[in-house]
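Q: First, the structure itself, so that you have it in front of you.
The values are calculated or read from the model by the stated rules, or taken from the named source; none is laboratory data. Small disclaimer: the values here were computed from a predicted structure and weren't measured. Methodologically, a virtual Cβ is constructed for each residue, glycine included, from the backbone with ideal geometry; neighbour enumeration extends over all protein chains shown. Protein only, heavy atoms only, side chains kept; ligands, DNA and RNA dropped before computing areas. Shrake-Rupley method; radii C 1.70, N 1.55, O 1.52, S 1.80 Å.
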Amino acid sequence: MGNLYHNKTAQWLAYAAFFAVLAIVPMRIDDDFLLNQLATYGVYGMLALSISLCWGFGGILNLGQGIAFGLGAYGMAMTMQMQTQTESNPIPPLMLNNGLDYLPMLWWPFANTGLGIVCAIAVPTLFCAIFGTIMFRARVSGPFFAIMTLAMLSAFYTIILDRQAYTGGVNGITPPSPLQFAGVEVDPYSPLAYWTVFFALMIATVLAKLITQSSFGLVTQAIRDDAERVRFLGYSVAGYETMIYTIAGLIAAVAGCLWVMLVQYVSPAQLDVGFSLSMVIWAAIGGRLSLVGAIVGAFVIQGAQSYLGDTFLSTWLLILGGFFIVIVRFLPNGLASLLEAALGLFATRKPKSSAESNGAEPVPAE
Amino acid sequence: MAGLLEIHNLSKSFDTIKVIDDFSLEVVEGTLCCLVGPNGAGKTTTMDLITGRIKPSSGKVVFAGQDITAQPEHVIARAGIGRKFQVPAVLRDLTVRQNLTVAFSRQTNPFWNLFRFRSPGLERKLDEIATLAGLTDRLGERAGILSHGETQWLEIGMVLMQEPRLMLMDEPIAGMTESEIEKTAAIFKELRKTTTLIVVEHDMGFVREIADVVTVMHMGSLLAQGTIQDIEADPRVRDVYLGEQEAA
Ligand SMILES: Nc1ncnc2c1ncn2[C@@H]1O[C@H](COP(=O)(O)OP(=O)(O)OP(=O)(O)O)[C@@H](O)[C@H]1O
Ligand SMILES: [Mg+2]
């Protein structure tokens, strides 16, 4: 038997166990505030998952994941805001306060809840598809692509900050009541909200895992290894890079929607460079090559920040930075590689079979 | 019979240096053509131009009746040209099995590949090629740890997995032992029954054994072309290439 860490059946079992633990949580907790906070960690987990998919598996470092997250969040906030507008009061206050006495066209789709949510997810996804196509066709890659995403993020940040009458500027949008969906009010502090995030995270993780195990996932890993070589095998590298970048963007956009559902608030801070960088830090610390590792990274860092951040205040960032440096220096594949090494030790004590497999093919009864 | 690959008056300059100079070549389907010439003659550059890695300054490359000049690499590969690089290029972080699987590129569309978890015919083909390349016991290993000879074999195996109509092999036996070379020669002789090959090689013994046609390049142009006997008898070839080889 090879390293259990690379055994596909074991991986799926570990995923099942992980989500079983997350499913028990709401039954054990009757503090609404805590439940809401844990649900937001689930959203951060989705973001770390999207980074792991794009960066860990695709080799594309994306420092601007806040674009997809932020646009998704704004779309959701606009939808929720419009839900509270009535016929006698059709214009959101943020416009009236900024001297706009009509609903701008940008907001029209969000007057309909279904269409609004679809737009909240589709617009950032489409943006990723277009931006990715342009960049990857031109063979922009590695640090150059990372810098382009950073520049794009700053551009979006500035536009949203600047167009106060449309976006609420620095104050953002604060929908006064919770999301109404299909006749149900999704109270952010209810188990319903937690379950919504839980299922979104679980579906995203399972789909991401399936993607990494598909033929697409194998080609993507080949491209991460040596993009130049893969072209000569007949694969359009740009097509694959755009696809993985867009899928990651889609996950982040959904995360943005869920986040607003939980906090009833959005502002340019969600497109802040620092926030997008922390997504990368979560994935790096948890282990960018492991989807669940990245999610755990987000839980650990955000959890620590909530509880230790208050105690240490400004030194918290120093502690986080130091921790990050230690991980990058000594554990380049994050905390997940500790588990890999541990299981590896265990495996070497047993006679090793030569046909250990770790790829796109089914694992024989191991 | 028209050539499967036709190169018409190809030229390529880097800055002011003309590396390929009005080079023309026709490779007939079902033959094995050896491309020889001294170091720096432009053999690898010719392969770069055929496979789209670099774009020619002028001239035309026609494959199976289709103009492929300056097309993107993956389009040329899909048209049916597979290539082994001079410096063996395999995917070092992936396993041998994964390398061969990726090279089995019948379906290249990223969208459809999202929904594919096994390719029909893969297992049989993979077994066959792994056996041929002597890598059956190494399928689970990371390609980065293979020996030089094994890496050469893996890359040859990858080209075979692609099932191309034309195979370009840049110095396939460099770094191989005598017995490995013999095995390679046997395989190439088998391959030329069903496919077309262009092989760049310095080892004249190997060339003598496998070549149907030998093309000699010198300073970016065609110096001579013919059977191995013609070439070895050609005084110009002796001057620029073979003489230097015998001296070495
Ligand atoms: N990118 C480049 N820029 C400038 N000169 C180049 C470039 N690539 C190749 N050359 C030059 O082109 C010439 C032909 O190189 P090429 O690699 O095609 O030779 P070759 O016939 O494959 O030689 P060898 O037998 O050593 O592999 C050499 O003089 C080389 O220095
Ligand atoms: Mg060469």
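Q: Any residue that is within 16 Å of ligand 2 (Cβ to nearest atom), over 30 Å from B:D234 (Cβ atoms), within 10 Å of chain A (Cβ to nearest Cβ) and touching a helix residue (DSSP H, G or I) at 6+ places or on another chain (Cβ under 7 Å) - is there at least one of those in region B:93-104?
A: We begin by selecting, within region B:93-104, every residue within 16 Å of ligand 2 (Cβ to nearest atom); these are none.
No, region B:93-104 contains no residue that is within 16 Å of ligand 2 (Cβ to nearest atom), over 30 Å from B:D234 (Cβ atoms), within 10 Å of chain A (Cβ to nearest Cβ) and touching a helix residue (DSSP H, G or I) at 6+ places or on another chain (Cβ under 7 Å).
Q: For B:F115, all conditions in the list (1) more than 16 Å from ligand 1 (Cβ to nearest atom); (2) of a type in the set (F, W, Y); (3) open to solvent by less than 60 Å² (accessible area, probe 1.4 Å) hold save one; what is the number of the exception?
A: Going through the list (1) more than 16 Å from ligand 1 (Cβ to nearest atom); (2) of a type in the set (F, W, Y); (3) open to solvent by less than 60 Å² (accessible area, probe 1.4 Å), B:F115 breaks only (3).
Q: Is it the case that some residue within region B:77-84 is crowded, with 22+ Cβ neighbours inside 10 Å and within 16 Å of ligand 1 (Cβ to nearest atom)? Full working, then the answer.
A: Kept after step one, since they are crowded, with 22+ Cβ neighbours inside 10 Å, are these residues of region B:77-84: B:77, B:81-84.
With within 16 Å of ligand 1 (Cβ to nearest atom) added as a condition, the list becomes B:83-84.
The answer is yes; a qualifying residue exists.
Q: Something else now. What number of residues in region B:109-125 are assigned to a loop (DSSP other than H, G, I, E, B) and within 16 Å of A:L207 (Cα to Cα)?
A: Narrowing region B:109-125 to residues assigned to a loop (DSSP other than H, G, I, E, B): B:109, B:114-121.
Next, from what is left, pick out any that are within 16 Å of A:L207 (Cα to Cα): B:114-117.
Final tally of qualifying residues: 4.
Q: Given A:T149, A:T167, which one is away from every other protein chain (no Cβ under 14 Å), polar (S, T, N, Q) and within 23 Å of A:T79 (Cβ to Cβ)? Can you show your working first?
A: On the way: A:T149 fails: within 23 Å of A:T79 (Cβ to Cβ).
The conditions single out A:T167.
Q: Here's something else I'd like to know. Determine, yes or no, whether B:Q162 is polar (S, T, N, Q), within 25 Å of B:L32 (Cβ to Cβ), within 12 Å of chain A (Cβ to nearest Cβ) and open to solvent by 20 Å² or more (accessible area, probe 1.4 Å).
A: Numbers: polar (S, T, N, Q): yes; within 25 Å of B:L32 (Cβ to Cβ): yes; within 12 Å of chain A (Cβ to nearest Cβ): yes; open to solvent by 20 Å² or more (accessible area, probe 1.4 Å): yes.
Taking the combined requirement at face value, the residue satisfies it.
Q: Being touching a Phe, Trp or Tyr at 6+ places or on another chain (Cβ under 6 Å) and within 15 Å of B:R165 (Cα to Cα) is the requirement here; does B:R106 meet it? I'd like the intermediate steps shown before the answer.
A: Values: touching a Phe, Trp or Tyr at 6+ places or on another chain (Cβ under 6 Å): no; within 15 Å of B:R165 (Cα to Cα): yes.
No, not satisfied.
Q: Check A:A138 against each of (1) modelled with pLDDT of 95 or more; (2) open to solvent by less than 30 Å² (accessible area, probe 1.4 Å) and name the one condition it does not meet.
A: (2)
Q: For region B:43-86, which residues satisfy the criterion of being on the phi > 0 side of the Ramachandran plot and out of contact with any Phe, Trp or Tyr (no Cβ under 8 Å at 6 or more places or on another chain)? Can you show your working first?
A: As a first pass, look at region B:43-86 and keep what is on the phi > 0 side of the Ramachandran plot: B:52, B:59, B:64-65, B:70, B:80.
Passing the criteria: B:G52, B:A64, B:G65, B:A70.
Q: Let me ask something additional. Would you pick out the residues in region B:9-48 that are within 13 Å of ligand 2 (Cβ to nearest atom), touching a residue at least 24 places away in the same chain (Cβ under 8 Å) and within 16 Å of the chain's Cα centre (by Cα)?
A: Of everything in region B:9-48, those that are within 13 Å of ligand 2 (Cβ to nearest atom), touching a residue at least 24 places away in the same chain (Cβ under 8 Å) and within 16 Å of the chain's Cα centre (by Cα) turn out to be B:L35, B:V36, B:G37, B:G42, B:K43, B:T44, B:T45, B:T46, B:M47.
Q: OK, next. Output the residue which, of all residues in region B:159-184 that are part of a helix (DSSP H, G or I) and within 24 Å of B:G121 (Cα to Cα), is farthest from ligand 1 (Cβ to nearest atom). First the steps, then the outcome.
A: At the first step, the residues of region B:159-184 found to be part of a helix (DSSP H, G or I) are B:159-161, B:178-184.
Adding the requirement that they be within 24 Å of B:G121 (Cα to Cα) leaves B:159-161.
Numbers: B:V159: 18, B:L160: 23, B:M161: 25 Å.
Once the filter is applied, the top-ranked residue is B:M161.
Q: Within region A:227-245, how many residues are facing chain B (nearest Cβ under 7 Å) and open to solvent by 10 Å² or more (accessible area, probe 1.4 Å)?
A: Counting residues in region A:227-245 that are facing chain B (nearest Cβ under 7 Å) and open to solvent by 10 Å² or more (accessible area, probe 1.4 Å) gives 4.
Q: Does region A:93-121 hold any residues that are surrounded by 14 or more Cβ atoms within 10 Å (Cβ to Cβ) and touching a residue at least 60 places away in the same chain (Cβ under 8 Å), and which are they?
A: Hits for region A:93-121 are A:L94, A:M95, A:N98, A:L100, A:T113, A:I117, A:A120, A:I121.
Q: Tally the residues that are aliphatic (A, V, I, L, M) and either within 16 Å of ligand 2 (Cβ to nearest atom) or open to solvent by 60 Å² or more (accessible area, probe 1.4 Å) (or both), restricting the search to region B:175-203. Walk me through it before giving the result.
A: Initial filter on region B:175-203 (aliphatic (A, V, I, L, M)): B:176, B:181, B:185-187, B:191, B:197-200.
From the residues that got through so far, the ones that are either within 16 Å of ligand 2 (Cβ to nearest atom) or open to solvent by 60 Å² or more (accessible area, probe 1.4 Å) (or both) too are B:198-200.
Summing the residues that are aliphatic (A, V, I, L, M) and either within 16 Å of ligand 2 (Cβ to nearest atom) or open to solvent by 60 Å² or more (accessible area, probe 1.4 Å) (or both) in region B:175-203 gives 3.
Q: OK, next. Which of the strands (runs of 3 or more DSSP E) found entirely inside region B:8-66 contain at least 3 residues meeting this: more than 9 Å from ligand 1 (Cβ to nearest atom) and under 30 Å from B:G205 (Cβ atoms)?
A: Where strands (runs of 3 or more DSSP E) fall fully within region B:8-66 and carry at least 3 residues being more than 9 Å from ligand 1 (Cβ to nearest atom) and under 30 Å from B:G205 (Cβ atoms), they are B:17-28, B:32-36.
Q: Now, a different point. Which condition number does B:T69 fail, the rest of (1) away from ligand 1 (no atom under 16 Å from the Cβ); (2) crowded, with 23+ Cβ neighbours inside 10 Å; (3) part of a loop (DSSP other than H, G, I, E, B) being met?
A: Failing condition for B:T69: (2).
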